[in-house]
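Reviewing the structure listed below.
Computed from the coordinates by the stated procedures, all read-outs in this text should not be read as laboratory data. What you are looking at is a predicted structure, and each value in this text was computed from that prediction instead of being measured. Because the Cβ atoms are built from the backbone with ideal geometry, glycine has one as well, and the counts that use them run over all protein chains shown.
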Amino acid sequence: MAEALSRLLKPWGGWSAFVSPGERVLLKVNLLSQAAPERAVTTHPSVVEAVARGVMAVGGIPEIGDSPPFGGFRAIARESGIEEVARKLGIPLLELGNPKPFEGGVPPFQRLLLSQELRRFDKVINLAKVKTHTKMVLSLAVKNLFGVVPGKLKGEWHLKTHRDDLLFAMVLVGIYRMVNPAFSLLDGIVSMEGEGPSNGTPRNTGFLAGSPDGIALDAYVASLLGLPAKRLPTLQAAERMGLVDPGGYELLGERPGPERFQGFLLPKTLSGERRVPLWFARLYLGLRERRPWIDAALCERCGRCRQICPAQAIVGEGEFRVDLERCIRCFCCQEICPAGAVLLKKGWKSRGNKSGGRA
């Protein structure tokens with residue numbers, strides 16, 4: 001791992017190009033939910049360890065941090081193997097709480113509540129996992145920094161942007177610009193395909209990619225998967241904001257062969273389907289739009305979906321159901337379900353869910 005990172009960083013001159021002696025450095029990892037490293041839900045501990053050692057070697061003072069949307073931060077860090085990395089290297093684990101206002105976001109969200117802990121650091125290094133995402137298509141460098149929004153405040157952004165994926169993506173790009181990481185690294189050694197970011201399927205893709213420009217990095221990885229930039233809402237938003245170089249991007253790391261991505265499964269949800277006139281949505285997308293559906297046979301009745309739902313659309317006692325009149329299609333329930341019991345089905349298959357019908 002250290003050798004692969006060294007090759008990747010060589011064009012810039014190594015970690016010393018990004019970290020100076022004595023600087024406090026936040027390693028912003030992905031600790032979405034409690035899962036073992038081989039499930040590809042969280043940043044792999046070997047990647048975190050190699051980066052932490054590299055930062056320490058040039059005199060930086062690293063801490064490892066994130067803010068999961070649900071669940072115990074320590075329990076997630078322990079299951080992911082990242083707590084053991086922190087213990088072995090003697091560096092702190094930090095839950096990014098204490099929301100405070102930061103100025104300079106994206107209109108109409110110029111004022112963002114982010115973790116006050118960010119102000120303790122001189123630099124941020126963004127350590128994201130390559131995963132699919134049922135709302136944003138892919139979760140890469142830009143999406144990973146949504147983790148600096150403390151805990152359940154993330155749900156408020158889904159409510160504010162409702163079902164407009166592009167508007168939500170603009171918030172993500174605004175957060176990325178505000179955090180302004182010194183370097184972004186994508187862990188694609190084992191990626192996640194299918195219905196990510198937590199219930200997809202691990203796939204060996206065998207690559208690391210990184211850049212000081214996380215937006216260019218996301219475009220690069222999209223190209224590896226054969227995706228045009230317009231398929232990713234975050235890249236659409238970045239282009240609207242004039243942050244995408246139309247001339248392309250430099251080679252960021254060792255480009256893996258195309259055979260590693262043949263047949264790579266994207267989420268079944270399609271970005272952009274929900275930003276249409278209401279009359280068209282009723283005539284067409286009412287049948288095509290995907291909606292959350294709870295499989296009672298798989299459901300463990302843990303209640304996490306109900307607790308995380310920003311629209312309070314999970315109803316029922318003992319057997320949970322989705323109230324589709326309230327549901328804003330943020331898919332937080334699908335993202336957080338530990339049993340994979342929240343499925344996404346096309347409208348005609350889920351009409352029985354309407355107004356709190358059986359899910």
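Any idea what the relative contact order of the stretch 2-261 is, in percent, if you count C-alpha pairs under 8 Å spaced at least 6 apart?
Numbers: 532 pairs, mean separation 49.6, N = 260.
Worked out over the stretch 2-261, it gives 19 percent.
Please provide three numbers in whole Å: the alpha-carbon extents of the chain along the principal axes, with the largest listed first.
Dimensions of the chain along the principal axes of its Cα atoms: 59, 43, 42 Å.
List the residues, sorted by chain then number, that are 5 or more residues from Phe207 or on another chain and whose placed amide H is less than 5 Å from its amide H.
Hits under the 5 Å cutoff: Gly188, Ile189.
Between Ser20 and Cys302, what is the spin-label point distance in nm, taking each point 7 Å from the Cα along the Cα→C-beta axis?
In this crude spin-label approximation the distance works out to 4.5 nm.
Using 0.36 nm per residue of separation minus the Cα-Cα distance, give me the extension gain between Glu38 and Glu103 in nm, one decimal.
Length difference between fully extended and current span is 19.6 nm.
Hey, with R₀ at 35 Å, roughly what FRET efficiency would Gln262 and Arg74 work out to, going by the Cβ-Cβ distance, to 0.05?
0.35
Positive end of the dipole of the chain, charges at C-beta (+1 Lys, Arg; -1 Asp, Glu), about the Cα centre: which of Val142, Val190, Cys302 has its Cα farthest in that direction?
Sorting the options by dipole projection puts first Cys302.
If you place +1 on the Cβ of every Lys and Arg and -1 on the Cβ of every Asp and Glu, how big does the dipole about the Cα centre of the stretch 99-162 come out, in debye to the nearest 20?
Using only the charged Cβ atoms, the result is roughly 160 debye.
Can you give the helix-only mean residue ellipticity at 222 nm for the chain, where every DSSP H stretch with n ≥ 4 adds -39500 (n - 2.57) and the sum goes over all residues, rounded to the nearest 500 deg cm²/dmol?
Calculated at 222 nm, the ellipticity per residue is -7000 deg cm²/dmol.
Name the most mobile residue of Arg39, Arg329, Arg53, meaning the one with the largest mean-square fluctuation, in a Gaussian network model of the chain with Cα contacts below 10 Å.
Arg53
Amide H of Ser139: which non-local residues (sequence gap of 5 or more, or other chain) have their own amide H closer than 5 Å, using H built in the peptide plane?
Lys131, Thr132, His133
Zone of Ala2 (label point 7 Å along Cα→Cβ, backbone N under 18 Å): which residues in the stretch 39-74?
Label zone hits: 45-62.
Hey, got the dipole for the chain? About the Cα centre, +1 on K and R Cβ, -1 on D and E Cβ, debye to the nearest 20?
For the chain, the charge dipole is close to 1180 debye.
Once you list every other residue whose beta carbon is under 14 Å from the beta carbon of Val149, what net charge do they have if Lys and Arg are +1 and Asp and Glu are -1?
Counting the neighbours of Val149, the net charge comes to +3.
Test of understanding: in a Gaussian network model of the chain with alpha carbons linked when under 10 Å, which of Leu344, Leu225, Leu32 would top the mean-square fluctuation ranking?
Leu225
For the chain, what are the DSSP H helices with axial Cα length of 20 Å or more and mean Kyte-Doolittle hydropathy of at least 1.0?
165-179
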